[in-house]
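Colleague: Sharing a structure below in structure tokens format, with a few things to ask.
Only the coordinates and a few stated rules stand behind these numbers; no lab work does. Fair warning: this is a prediction, and the values are worked out from it, not measured in the lab. A quick note on method: Cβ atoms are made from the backbone with ideal geometry, for glycine too, and the neighbour counts reach across all protein chains shown.
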Amino acid sequence: EIVFQNVFEGMESNHIIALCSCLVFDEKSEDPITSNPELMKAFDTIKGIARNVGEIMVECKIPIDIEEYIAKVKPQLMDVVLAWLEGKRFYEIMNQCNLYEGSVVRVIRRLEELVREMAS
């Protein structure tokens with residue numbers, strides 16, 4: 001649905017990938033959300049899409065909590081992924097967040113899989 005609504009149109013490739021991190025990050029985090037206006041605007045659009053999809057799921061009698069469904073879209077690693085894409089060293093990236101190294105590596109690996117799927 002994100003692709004069909006052209007959320008990525010006009011965005012730089014590194015911003016598209018950073019935005020996609022919202023879809024693969026699944027841990028609790030108190031880290032701040034990005035201050036990048038382009039990413040925040042696109043993230044808000046994705047939250048709106050998630051709400052619409054959730055509402056359609058409820059209409060189709062699929063038992064979900066819409067707010068929980070929307071909360072699964074987590075923006076806390078967008079800046080971390082952006083730093084990784086800019087070539088920053090891993091220790092510098094880890095200083096940007098309060099997560100374990102393995103959690104960040106797992107998100108980056110999932111993100112790579114997602115991008116490969118989107119490209120094919």
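Colleague: Could you compute the longest span of the chain free of GluC sites (Glu not before Pro) located in DSSP loops and having at most 13 other Cβ atoms within 10 Å, not counting the site residues?
Modeller: Between exposed loop sites, the widest span is 31-85.
Colleague: With point charges of +1 on the Cβ of Lys and Arg and -1 on the Cβ of Asp and Glu, referenced to the Cα centre of the range 13-119, which listed residue (Val73, Val58, Leu114) lies farthest in the positive direction of the dipole?
Modeller: Final value for the positive-end residue is Leu114.
Colleague: Using +1 on the beta carbon of Lys and Arg, -1 on that of Asp and Glu, and nothing else charged, what's the dipole of the range 13-119 about the Cα centre, debye to 20?
Modeller: 180 debye
Colleague: Report ³J(HN,Hα) in whole Hz for each residue of the range 85-98, in order, from the Karplus equation J = 6.51 cos²θ - 1.76 cosθ + 1.60 where θ = phi - 60°; Gly and Pro get x.
Modeller: 5, 7, x, 5, 5, 4, 5, 5, 5, 5, 6, 8, 9, 10
Colleague: Go through the range 1-70 and name the trypsin sites (Lys or Arg not before Pro) that are in a DSSP coil and have 11 or fewer other Cβ atoms within 10 Å of their Cβ.
Modeller: Hits after loop and neighbour filter: Lys28, Lys61.
Colleague: Still on this structure: In the range 65-113, which trypsin sites (Lys or Arg not before Pro) are in a loop and have at most 15 other Cβ atoms within 10 Å, using DSSP for the loop call? Display every interim value, and only then the final one.
Modeller: Working: sites: Lys72, Lys88, Arg89, Arg106, Arg109, Arg110; in loops: Lys72, Lys88, Arg89.
Qualifying residues, ordered by number: Lys72, Lys88, Arg89.
Colleague: Explain nothing, just compute: Karplus ³J(HN,Hα) = 6.51 cos²θ - 1.76 cosθ + 1.60, θ = phi - 60°, for every residue of the range 103-120 in order, whole Hz, x for Gly and Pro.
Modeller: Rounded to whole hertz, the list is 5, 5, 4, 4, 5, 5, 5, 5, 5, 4, 4, 4, 5, 4, 5, 5, 6, 9.
Colleague: Loop only by DSSP, 11 or fewer other Cβ within 10 Å of the Cβ. Give me the chymotrypsin sites (Phe, Trp or Tyr not before Pro) in the range 62-120 that pass, ordered by residue number.
Modeller: Numbers: sites: Tyr69, Trp84, Phe90, Tyr91, Tyr100; in loops: Tyr100.
Listed in order of number, the matching sites are Tyr100.
Colleague: Shifting gears a bit: How far apart, in nm, are the 7 Å Cα→Cβ label points at Glu113 and Glu68?
Modeller: Inter-label distance under the simple model: 2.3 nm.
Colleague: Related question: Lysine pairs, Cα distance under 12 Å, 8 or more residues apart or cross-chain: how many in the range 13-119?
Modeller: 4
Colleague: Once both labels are modelled 7 Å past Cα along the beta-carbon direction, what's the Asp44-Glu101 spacing in nm?
Modeller: Taking the two extended label points, one gets 3.8 nm.
Colleague: Roughly how many debye, to the nearest 20, is the charge dipole of the range 1-53 about its Cα centre, given +1 on each Lys and Arg Cβ, -1 on each Asp and Glu Cβ, and no other charges? Please report the intermediate quantities before stating the final value.
Modeller: Values: 4 positive and 9 negative charges, 36 e Å.
Around 180 debye, computed over the range 1-53.
Colleague: Hey, what do the phi angles of the range 15-26 turn into as Karplus ³J(HN,Hα) couplings, whole Hz, using 6.51/-1.76/1.60 and θ = phi - 60°, x for Gly and Pro?
Modeller: Result, ordered by residue: 6, 4, 5, 4, 5, 5, 4, 4, 8, 10, 7, 10 Hz.
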